[in-house]
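Shown next, in structure tokens, is the structure this report addresses.
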Amino acid sequence: MLRPDPQMYMRMALRLARRGEGNISPNPMVGAVIVKNGKVVGKGYHKYFGGPHAEVEAIKNAGVKAKGATLFVTLEPCSHFGKTPPCTQAIIKAGIKKVVAATFDPNPLNRGKAFEILKEAGIDTEVGVLEEEAKKVNQYFFKYISTKIPYVTVKAATSLDGKIATFKGESKWITSERSRRWGKKLRDKVDAILVGINTVMKDDPELLPLKNKKRYLRVVLDTHLKIPLGAKILEQQSNFPTLIFTGSHTGIDKMKVLTEKGVGVKIVEEKEGRVNLGKVLQELGKMEIASLLVEGGGEVIASFIKENQVDELFLFLSPCIIGGKEAPTWVEGEGFCLLKDATKVKIESIRRVGEDVLLRGKVLSI
């Protein structure tokens, strides 16, 4: 028999929640555990977008044992009609005695409403168990729902001196195969991946995920619409669509050819001669893209950093030194004039990935 430990049950619910990663966006990952007399009688998690919510899955799993039990859930239950009926109704109908949630719903339109409904129905409520852990699990959702723009992760693979290629342009491969596969797994976690036109021209990447995801958008920043019509990123549009953001001086004829191939092309206003990143993120937000992985190159990454639009960083460091003043680095651009203005990163973890080192950190807002 399990000990009646709220944190233990909530950790169990958080582990369940993570199983929905990459499949439920723009909804949050949610896990639920039902406990009665110190014993787990039901489990559930939100498996896919539009499917039953975690609470409903757990209640179904528990059956009649849900009556008089305590429900542990990683996020405040929904109290409105959406793709599915409100979870509060299912909780009340099942005869749940108490609901313990890790955190409130960050949406100001819903925040706290579920607890009000449950209390009116005579159900005890508690919120705040492992709150920070729960917010971290759903960091994409919390950012998106409060700002309506995606959570931005930058991934780069470099030498110890920060180079992403030699001065002659050779870049395959700086980091190990194990690091490259680890990095590609990040694609399975996000809604979209983004590169600049220079990366497309130099490397001709496919930018495909490892998993056959239902929701995955490939994004290219191409101010002057220079993308070659034979680029690999323009293939497989039915499974993994591509969207090109371009400027106002784009040629109509090429736009027509691309759209006939099934490629999305969206014109946005320019800023300092390039597509406006703020507008790009707003447009992606309108498309319910909650998370975005930026893979480069150096000019694009520099633009995101300059605009203070990076939330998290994954930096793979290879134990080699390339050198060369002309060799490109993972952050290009003009850079900052003063050290006090430099972007600060809170390093959260450093780990070995084969012979390489993975540095992971949160970018601190200016």
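The values are calculated or read from the model by the stated rules, or taken from the named source; none is laboratory data. Since this is a predicted model, take the numbers as computed values, not measurements. Neighbour counts run over all protein chains shown; Cβ positions are idealised from the backbone, glycine included. Areas reflect the complete protein model, heavy atoms only, side chains present, ligands, DNA and RNA absent. Shrake-Rupley method; radii C 1.70, N 1.55, O 1.52, S 1.80 Å.
Descriptive notes on the structure:
- Extreme residue, positive dipole direction of the chain, given options L315, P28, I123 (C-beta unit charges): I123
- Its relative contact order, with pairs defined as Cα atoms under 8 Å and 6+ residues apart, puts the stretch 70-129 at 40 percent.
- C-alpha center-to-center spacing [the stretch 28-101, the stretch 323-366] in angstrom: 42 Å
- Cα gyration tensor category, rounded, prolate or oblate, for the chain with a/c compared to 1.5: prolate
- Positive minus negative residues near L281 (Lys, Arg vs Asp, Glu; Cβ under 12 Å): +1
- The charge dipole of the stretch 1-108, taken about its Cα centre with unit charges on the Cβ atoms of Lys, Arg (+1), Asp and Glu (-1) only, comes to about 480 debye.
- Applying 0.36 nm per residue to the separation of K60 and A342 and subtracting their alpha-carbon distance, the gain on full extension is 96.3 nm.
- Solvent-accessible area of the chain (1.4 angstrom probe, protein heavy atoms only): carbon and sulfur portion equals 51 percent.
- Mean accessible surface per residue for the chain, computed with a 1.4 Å probe while every protein chain stays in place, in Å²: 51 Å²
- For A157, the residues whose amide H sits under 5 Å from its own are F316, ignoring neighbours fewer than 5 places away on the same chain, with H placed 1.01 Å from N.
- Between the amide H of I322 and those of L160, D161, K163, distances stay under 5 Å, these residues lying 5 or more places away or on another chain, with hydrogens modeled in the peptide plane.
- Contact order relative to length of the chain, as percent, for alpha carbon pairs under 8 angstrom and 6 or more apart: 15 percent
- Overall form of the stretch 40-164 per C-alpha gyration tensor (a/c, 1.5; a/b vs b/c): prolate
- Each of A302, L281, T223 was scored by the projection of its Cα onto the charge dipole of the chain, and the greatest displacement toward the positive side belongs to L281; charges sit on the C-beta of Lys, Arg, Asp and Glu.
- Measuring nothing but how far apart in sequence close Cα pairs (under 8 Å, 6+ apart) lie, relative to its length, the stretch 290-366 scores a relative contact order of 38 percent.
- Of the residues L243, G196, H46, the one whose Cα sits farthest toward the positive end of the charge dipole of the chain, with +1 on the Cβ of Lys and Arg and -1 on the Cβ of Asp and Glu, is H46.
- Cα-based shape type of the stretch 100-141, given that a ≥ b ≥ c are square roots of the gyration tensor eigenvalues and the cut on a/c is 1.5: oblate
- Think of each Lys and Arg Cβ as +1 and each Asp and Glu Cβ as -1; about the Cα centre, that makes the dipole of the chain roughly 1380 debye.
- Estimated 222 nm signal from helices in the chain, with DSSP H stretches of n ≥ 4 weighted -39500 (n - 2.57), rounded to 500: -7500 deg cm²/dmol
- Beta bridges from DSSP with both residues in the chain: antiparallel share about 45 percent, rounded to the nearest 5.
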